[in-house]
Structures are given as structure tokens and as C-alpha cells.
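Below: the structure, in C-alpha cells.
The values are calculated or read from the model by the stated rules, or taken from the named source; none is laboratory data. Remember, predicted model here, so these are calculated numbers, not experimental data. Quick reminder, even Gly has a Cβ in these numbers, built from the backbone with ideal geometry, and neighbours come from all protein chains shown.
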């Protein structure tokens, strides 16, 4: 091994830091872009327009059902906001929340929190902090009109919706076509990061056009009086009352063969909507936002690091050999070979980084999907049945409380924040793991370099052999010596009981070393498991008994409590039933007959009522009532 | 800020590395020690003696109960090894296991695995590996005689026990008095690390002398025929049958005041033996070994690092200022002040290190204690009652299997290995935490230096203010606006339902940032919780549903399965009952009367049997049988 002398060492002092600007790679200069329609003007006008439209919507809509005596039922203040009810449009709400989330990303990462407000040059830092905090309120207000137009469920709303969504969509496309490249982070980062926004705005435009066309009574004035969402509740009650047919249900416990087990396991990652059940609006929103969060974080991580790595790789010259010798690392005698090797190592790092991101994406999205399938649906259904003990593991009151309400409000946000954080942690851990595998296992096998790990294993082989022998002999003894088959079950025979004790004693020391390995495996497995499941709110990362100390899981079960106590489908169906038959100025006898008419709800076809059919309907209604009050009976039905 | 010129930079190149030998501190040279009684000779003789004594013990003891037809009942092969039965002496077994554990520590850390075998100079490394593996078998065999002498429960055994334990104890004391200092690790390390051995050997000496004196029939030949341990089983059955009196039980759920809750919580960390219940031998051993493991690891960590830190602190001179300037760190203009500061920082590091070790010790020992109180006892009692679902959270068969048996064999070892590993991890994490607190919180408050963290918080205050305001306003809204008290429970009023939805939407962005903080807290809390509980086998580190993937917990529940299925006290009591009344050559009628006589077992006083007492005894026996078979009934008894 030869070291260069001191004078040579001083010669290459200019190349000492690898992150110095590399002269060989030309840096592309992106000019500041002035789009034809000015950003500030657009944003100012859209805010103005939104506020105007909201006021108009509130004036236009009469309150029809609630608080009719207040202000005479006009204007319909807050009538635009029941978008989080069970009957809210999941698609529209998800799209608007996604738009807001994308804006939060831009506020946190970008320089101009609110587009049309520019800082004065002095004291710029503090002002920006304030504007950033305000911007977190500004964007939800700007996009709110898109949600309000759908919620009021009137032609005026749909027309406005078409106008706002199409304008915003058009402007965004125009802006990106005009300025595809920006100097921040990576030249196409801005374009790529606004793709989800484009998709959401495009979806909203199509949705409003569709709703407008469907609901426009071009030639008539017939108005629908149906309560929104009541169809779903009727459907739910019908499903509850329907006699279960024997179907082939894929269940992890009932299947036996390995292949069917694998199919069932994979099946538990794919969300297939079930007839007669739909997830709450907040869950639908949180899943959409979570997927967009994964996209945004992954994009940011790729755009920040991969171009830098590629630039560094392109900038490696033969002089790198001197730099490495300065750090006492000598890869090869030949300078060209050293440069090739360093380039190769850079490439390996890049591959590891990208594969870690891909792995994290897969893990996070599969976790979100599994969460949807396994928990949001299964837990809600179980709670609707009344199985509190099975879901929470202990008795809990399904009543709203202050904590439960704040958790319900924060559920969607917490889910998306956890997805971001979980993705970052996963990416870091997977990157370290892939680097470890790449540099210490794959490169040594392929090229015979970096054999540290293999040398370590080789030097410790008597130790490993000893442990393997100890483990094996204990297992063999347990299998063939200590246990004897007696009447279809294994028993410890008296003959060898003492041999069991002596071998327990003699293997004590070996088992201590095995225990250390077990402990290391326990640590690694637990850490990896918890890191992969960090993004899931519906699982506690703590063990049975202290589950509720986990803030994420606490948020989840409080959310479930509110969801079940406030939006039980059977209760809603009953409410719809009562609301459908107006009883102004009727006498009690008439009301009772109305209630009996309501029984028709559970009949699928409207034939003239006979005595028998009324009896049957009564029986069904009592059955529904009994099943709701005694959920454990549902399992006993044929 | 002034930088020294290049020539000055070259002057102090000798002091560049802080771990270079420091010339100002005189190094104490410890001469190799030749004790009067040679180590090798002693070890050789003790091994020889052990083997001889074991053979003698086996020849001396006749097998009295089991396999009497095999080899005519003589010699009592393997009669010395039922030390892990429920009736084994917990103290002796724990002491011997502790001795073996201390030897394992010496084997792993020391240079001479087996004392009287020295390596040949060539190929020394590989040979040592082999010897180390053999040494793990050697030490259990050497110390086995100490356990065997107690297990045979005969005068010969006790005499031998006194001889071996006193000899070993005396030799160890002699050796340590002759050579208190050794050159390895730290001069007194060897002395301190052999303290637990001395305690164990001293205890065994006292125990054997006590047993010899108690059991020696100096003037008579009366021999006890009682089955060892039967007293305990009788006691257990008596306790089971005794009518429960209403006592003041401290229970976490029944208490109400804060102070009594704290008392109950602290109470759950202190193990107070309960009448009529004793933990299995393996649990007693594992607790003792775990405490010794804590001592050994803590001692090793202190002895390795603290003297080095003290040496480094003593070696700090004013030249350190140059070294720090070389790293671009300038603490002060005055060189003497820099040296004082560096010395102070070294002292802070030392304090942090020691307090981290103290914290880890406290955490680990409290975990071991809590494990004893909460789980080993509570779980065993519950399983004896038959409450499998409550303990394991799912139905499991309480039958021995191959896996369960290997887990049972490895339980003690795994517990001690996990304690060592858990302690190391805890120490590392606590050290980092204390360093963080010391350097970034306490020093800035006391001396106004290192204000990084405070500057960071100060620069982010609008952000924190925004978040706190968002959190506060949501909680206030939930408390006073959305919830209304209706018939003793809170309900969400229809009046404000839409206000709830709109505020949920508007707070979305703030809640995302709060969610990130929540996620960080979730990560930190989970990591700390799992690190503190890593040393406990009786808790799974994974959540409900996947608990059994945790290898530590799997080992624990398999251990419990074997313990309960093989050593149920009621079953043992029944066995004792049958074994106490020999039935050689009697007719079935006589046997039946014997069985009826056995009913007296559950009576505390032996009065002549009347018809009424027999009836009562029969009733009691049936009651015991019913309670054992139907554990759920036990709760209904008055």
C-alpha cells in the first residue's frame, strides 16, 4: 500500500470536499417565468369570486328542514356545509381536501405562502412565518366554494361549480404549459407536484358537468323530495333483514390449503366495495389524501436527492483517487479504475435510494388499503352490531365527549400527517437496509469486494456451530425423547422428566447466547413492524392493556365512537322514515297509521297492503328492532 | 473569529487525536499476580472432586419411587436432578444458576475460558473459540455438584455440600485477597465482578450448614416419609377451599382517590409473597439471574468508560484550544478558559453517563419486579383457575408440544439474555437523552451557552403560537359549542352540527401540522416504551392480534403452558394424596377406604372421624373438584 508524499497531498487540496461545485457538468440556468395570465391577478379574482358565490349561494338557498323559525328560513346560513354527513358526496369532498393538502405542501415548502402578497424586503423572515400561518386558513377558504356548490344540491350550485372548477383547471393547465420549468428543487418539480391538483380539478369539472346534466329539468318542474342518502340507509336495513344465503366467503380461518390462504391474505389488501355498506365520508377523504400525501413525499424525496446523485456521479473524474487517498482509502492502484468504481458505487447508492422509495410506497399504500379493508369496514360493522368488546378489547361508552369530538375533527389530518411521517421514516430505514444489503452482501457476492461481513461470519463459525448444535439437539430431544404420544396428545413422560431437568441446566449457558440472538431479532422485528405500521391509525403500536396510550390509536377509536353514535345507519333509516311523512296538523291516530305506513320501507315492492302483508311487515320491523338491540342474536339466524 | 495560520496549524499536529496517550497522567502498572494457591491446581482438583462426589451420590442414593424395576432400584441414576420440580429449593437453584451466569460473563469477556488449559501460541484465536464453546458446558458441570447435594435430600449430600461450598468460597476469597488488582478493563473490575459469586457461595455454605444441622438426627433414627413439597400443595388446596373473608384488597380499579391510586401503583412494583402461592422454581431462578445480570452489565459499562473519561479529563491541558481551533470550534479567546470548559464538559458527560446507568438499573429492576408481581403470579393464578382467554387473549390448548418444551427449557436463559440486551439498549438511549438534556437544556439555562435549541424555538414561535391557538380553539369549541348536556350525557346538538363540519374543514391544515407533532410523539413514546419493556418476556412488544410474532412473548406463553399443564398444584396435591398411602398387596375395598382416608388431607386438625365429618370432607372434596373443573364458579362463591 503506497501513500503519496506530503507535497502531492497539498496539490489536490482543492478537491478535498466532494460537494464542491464540479466544473465538468454544465449547470442549466432556468430563467424566471412570467406567464401570460398573471398569477397574482388570477388568485385575487378567484378569491373575490369565491366569496361572492358563497354569499349568493347562501342567499339563494332556503333552509328547508332545520331551524325554520330562525330568520324565517332565509337565508340558508351554513346550509352549504353538511358535506361531512353520511350522505355527502365522497368524490367531491375527497377532491377538495386533496386540493387543500397540495396547497399545504406548497405553503410549507415554497417561498410565497400566499400568491398575491409579496413581503417587504426588510424583516422578511418573520413576515413569512405569519403569512404561512395565515395561508393555512386561506387555501381552505379559496377551495371551499368547490365543495359548497355540490353540497347545496341545486341547479344554481352546479352551474357555479362548473364555472369555478373549469376556470381553475384551465388556469392551472395554462400556467404549467407556460412555465413547465422552475428553479426550485428540481426543474420539473413544480409541474410534477401539481399533477394531483390537475387530476382533482379535472375530476371536479367532469363531476359538476355530469351533475348539471343529470339534475337539469330541461322540460319539466318535477322536484325530488327524497332525503339525500336515504337510499343507502334503506339498503342497509334491507341487507340487515335479508336472510343470509350460504355463500363462499373467503375467510382466513375457514380456509385450509396454503394457496387459498395466500389468496385470502392478498384479498385482505384489496378494497372491494360491499353492497349495502359504504365507509364514512371522513374515511374516504383520509384515504384519498393519504395516497396524495404518499405521492407528494415520494416526489419530494426523489427530486431532492436523485438529480444531485446523478450530478455527482457525472462529475467523478480520475482525481477522485487522490481525494480517497487523503482519507486513507485505496480502492485500486489504477486511477481510472478508481474513478469507475466510485461511479459504480454512486450508481449503487442511487439504485438503493430509488428502490427504498419504491418499497416505502408499496408498504404505505398496502397499509392504507389493508386499513380500509380490515379495520375501517370490519370495525364499523362490528360496532354497528354492538360488538364493543371485540373492537376495543374493553367496554367503552359509545357517547360523544369533548376529546372524542376533537379527535373526530382531526382524524383526516392526523391520518395524512402520519402517512407523511411514516413514509419518511420507512424510506430512511429501508434505504439503510438496502445499502447494507447492497454493499455488504450483493457486491461481495458479485465482485468479491467488501468481504467484511463474510470474514466476520467466517471468524465466528465455531460460535455459530455451537449455537446451532445446541438448538438442534434441544429440539431433537424435545421431539423424540421427552415427549410421548399418549391418546392422541403429546405428554411429558415420567421416565425422562429428570433428563429434561438436567438438559435444561446444561444448556443454560448456550441458551443465554441464543437468547441474545433472540433479543436482537425481537428488537429488529418489533422496530420494523412498528415502522411499517406507523402510518396506520387503526392499530396501536403498544401492546394489549396500554393500547390507549398511543395517541394515534386514541384518535382512531374516538373517531369510531362519534361515527357510530352519530351516524348509525339503522337510526338514520328510522329518521328518514319519520321525516318522509310530514305530519302537520294530523291527529295521533293518523300519525300511528303513518308509522304503520313506514313499515313499507322494508318491503321491496309496493303491492296493496293486505292483512297478511301488514303482519309480515310488523314482524320484520320487530325483528330489525330485536336484532339491533341484541346484536349477538344475529349470528344465530339461519 | 481568528484562525491560526498554517505554520501554527502544523505545530500542534501531535495533539490532533484526543485518544492519544496523555503524558501528564501517570499510568499505574499492575504486575501479574501469582496467588499462593494456584488457580489451575484448584480448578483441576475441584473438577475431579465434583465428578467423584457425583458418582458417590448416585451410588449412595437408591431410587425409591420411580422405575423401581429398572436396575433393581440401585444406583439412583438421575436422582439428583429433580431440582426444577415445584418442590425444589428455590434458593439453592438460584444461587447455582447465578454462579453459572457469572462464569458465562467471564468466559465471554475474559482471555482464558477454562482456567487450567492454556493455548499454544500458534493459531491462538481459533483454539480460543473452541475452548470458549466448551467452557459453556464446563462451568455448569463444575457447579452442578452444589445443586445435586441439596437435591438428594440426605445427610451425605448435605455433608458434601458443606465441604464443596465452603472450599470454593474460601478459595475465591483467598484468591481475591491475594490479587485484588488485575490489568484487565479496570484494576478492581475482577474483584467487583466476582462479588455476586462470593455472595452466592457464602449463601450456599450457610444453607448447607443449616440443612445439615436441621436434618441431622443426632440421637435418633426416625426418618421422615413425607413427599417433599406436599405441604405447599396441601396449603394451596386449603386456600382454594377456604371461604373468602371480606378483606381490604388494594386494587387499581376499586380505588378512587389520587393518593391511593399512587400507592396501589407503587404497590404493584413490590413483590410480597402471598400465603398459599409460590412462584415456579424457574421464575425464581430467572429473577435472581436477571438481577445479577443487571449488576454485571452495569459494572462492565462503568468500568469500561468512567476511568477512561476521568483519565481524559485529567489530561486536558491548555493545548486543547489549538486542537479545537483545528476543528473550527472556538469556545473562548482565553486558552485557560477553554481548558476549564473542556474539563467541565468532560465532567458533564461523565455525570450523564453515570446517571443513565443509574436510570437503566432502576428501570430494569422495577420491570423485573413488576413482571413478578403483575404477571408471573397473576397469570399463573388465572391459568390455574382456567382463565385461558383472559391471559392469552385467545383460546389456546394447555398441552405440551415440542415448541413449548424448548421454550420452557430456554425460559431462564432468555430472560437473563434479554435483561442484558435491554439494559445495554436502555443505557445507550438514556445516555443520549441525558446528553441532550444536559447540553441543550441545563447548560444553556445555567451558563447561557449552547442556546441552539432556544434560538430554534424562538425563531419558530409564530408557528407554535398558531398550533396552540388552533388546538385550544378546537377544544373550546368542542367543550362549549358543539356539545350540550342532555339527560346526564353530552350530545352533539343539531343546531351546531354544521358549524362542527365547517370548523373541521377549516382546521384541516392546522391539524395536519398538529398531526406531524402527534406522529413524532407517537414514535418517541412507542420507542421509549418498547425499549424500557424490552427486558420483559411477559409482555409482547407487538399489538393485539400479532402478539405471538414476538419471540420473547412466545417463549413466555409456552413456558406458562408447560408450567400449568405439568405442575398444577391441585393435581400435585391429588398425586401426593395417592402417593402417601402405599397400597402394596391390599384389596380394592381396602384401597377405597384408603382413598376415603385421604380426605383427611383437607382437614386442618386430625380428630377421630365421625360420620358428619366424613360427609363434610366428601362435600369439600367435591367442591374442590367442581371448582377446579369450573373455574368461573369460583367468582360466584360468597
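Yes or no: residue B:462 part of a helix (DSSP H, G or I), under 30 Å from residue A:406 (Cα atoms) and modelled with pLDDT under 90? Here the answer is yes, as residue B:462 does meet what is asked.
The requirement of being in the same structural domain as residue B:201 (by TED's automatic domain parsing) and either part of a helix (DSSP H, G or I) or modelled with pLDDT of 85 or more (or both) is not satisfied by residue B:79. Just one of the numbered conditions (1) surrounded by 15 or more Cβ atoms within 10 Å (Cβ to Cβ); (2) more than 26 Å from residue A:110 (Cβ to Cβ); (3) more than 14 Å from chain B (Cβ to nearest Cβ); (4) over 22 Å from the mean Cα position of the chain (by Cα) is not true of residue A:393: (3). Could you go through region B:536-547 and let me know if any residue there is without any contact (Cβ under 8 Å) to a residue 40 or more places away in the chain, more than 7 Å from every other protein chain (Cβ to nearest Cβ) and out of contact with any strand residue (DSSP E or B) (no Cβ under 8 Å at 6 or more places or on another chain). So far as region B:536-547 goes, yes, one or more of its residues are without any contact (Cβ under 8 Å) to a residue 40 or more places away in the chain, more than 7 Å from every other protein chain (Cβ to nearest Cβ) and out of contact with any strand residue (DSSP E or B) (no Cβ under 8 Å at 6 or more places or on another chain).
Residue selection: residue B:255 fails the criterion of being assigned to a helix (DSSP H, G or I), touching a helix residue (DSSP H, G or I) at 6+ places or on another chain (Cβ under 7 Å) and at pLDDT below 90. Does residue B:544 satisfy being surrounded by fewer than 19 Cβ atoms within 10 Å (Cβ to Cβ) and farther than 30 Å from residue A:492 by Cα? The answer is yes for residue B:544. Say whether the condition of being in a loop (DSSP other than H, G, I, E, B) and modelled with pLDDT of 70 or more is met by at least one residue in region A:43-57. Scanning region A:43-57 turns up no residue that is in a loop (DSSP other than H, G, I, E, B) and modelled with pLDDT of 70 or more. For region A:463-491, a tally of residues being facing chain B (nearest Cβ under 7 Å), buried (at least 17 other Cβ atoms within 10 Å of the Cβ) and either under 13 Å from residue B:409 (Cα atoms) or in contact (Cβ under 8 Å) with a residue 60 or more places away in the chain (or both) returns 3.
Of all the numbered requirements in (1) part of a helix (DSSP H, G or I); (2) more than 29 Å from residue B:109 (Cα to Cα), residue A:541 misses one, and that requirement is (1). In summary, residue B:115 fulfils each of the numbered conditions (1) within 27 Å of residue B:417 (Cα to Cα); (2) surrounded by 18 or more Cβ atoms within 10 Å (Cβ to Cβ); (3) at pLDDT 80 or above; (4) more than 13 Å from chain A (Cβ to nearest Cβ) with the single exception of condition (3). Residue B:498 fulfils the conditions (1) closer than 24 Å to residue A:415 by Cβ; (2) assigned to a helix (DSSP H, G or I); (3) modelled with pLDDT of 80 or more; (4) facing chain A (nearest Cβ under 7 Å) except for a single criterion, (3).
Would you pick out the residues in region A:549-563 that are touching a residue at least 12 places away in the same chain (Cβ under 8 Å) and within 13 Å of chain B (Cβ to nearest Cβ)? Answer for region A:549-563, where residues must be touching a residue at least 12 places away in the same chain (Cβ under 8 Å) and within 13 Å of chain B (Cβ to nearest Cβ): A:552, A:553, A:554, A:555, A:556, A:557, A:558, A:559, A:561, A:562, A:563.
Each row is one residue, and each column tells you yes or no for (1) modelled with pLDDT of 90 or more; (2) part of a helix (DSSP H, G or I); (3) under 23 Å from residue B:297 (Cβ atoms); (4) within 11 Å of another protein chain (Cβ to nearest Cβ).
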residue	(1), (2), (3), (4)
B:408	yes, yes, no, yes
B:413	yes, yes, yes, yes
B:417	yes, yes, yes, yes
B:439	yes, yes, no, no
B:454	no, yes, no, no
B:457	no, yes, no, no
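The set of residues from region A:182-203 being over 17 Å from residue A:98 (Cβ atoms) and part of a helix (DSSP H, G or I) comprises A:189, A:190, A:191.
Evaluation of residue B:358 against the conditions (1) assigned to a helix (DSSP H, G or I); (2) more than 23 Å from residue A:543 (Cβ to Cβ); (3) touching a helix residue (DSSP H, G or I) at 6+ places or on another chain (Cβ under 7 Å) shows that the sole unmet condition is (3).
Quick grid of which residues meet (1) touching a residue at least 60 places away in the same chain (Cβ under 8 Å); (2) away from chain A (no Cβ under 14 Å); (3) in a loop (DSSP other than H, G, I, E, B):
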site	(1), (2), (3)
B:364	yes, no, no
B:399	yes, no, yes
B:422	yes, no, no
B:429	yes, no, no
B:434	yes, yes, no
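Is it the case that residue A:514 is within 17 Å of residue B:417 (Cα to Cα), surrounded by 17 or more Cβ atoms within 10 Å (Cβ to Cβ), more than 8 Å from chain B (Cβ to nearest Cβ) and modelled with pLDDT of 90 or more? When the stated conditions are applied, residue A:514 does not pass them. Taking each residue of region B:236-263 that is more than 28 Å from residue B:280 (Cα to Cα) and looking for partners that are exposed (fewer than 10 other Cβ atoms within 10 Å of the Cβ) and at pLDDT below 60 with beta-carbon atoms closer than 6 Å, six or more apart or interchain, yields nothing.
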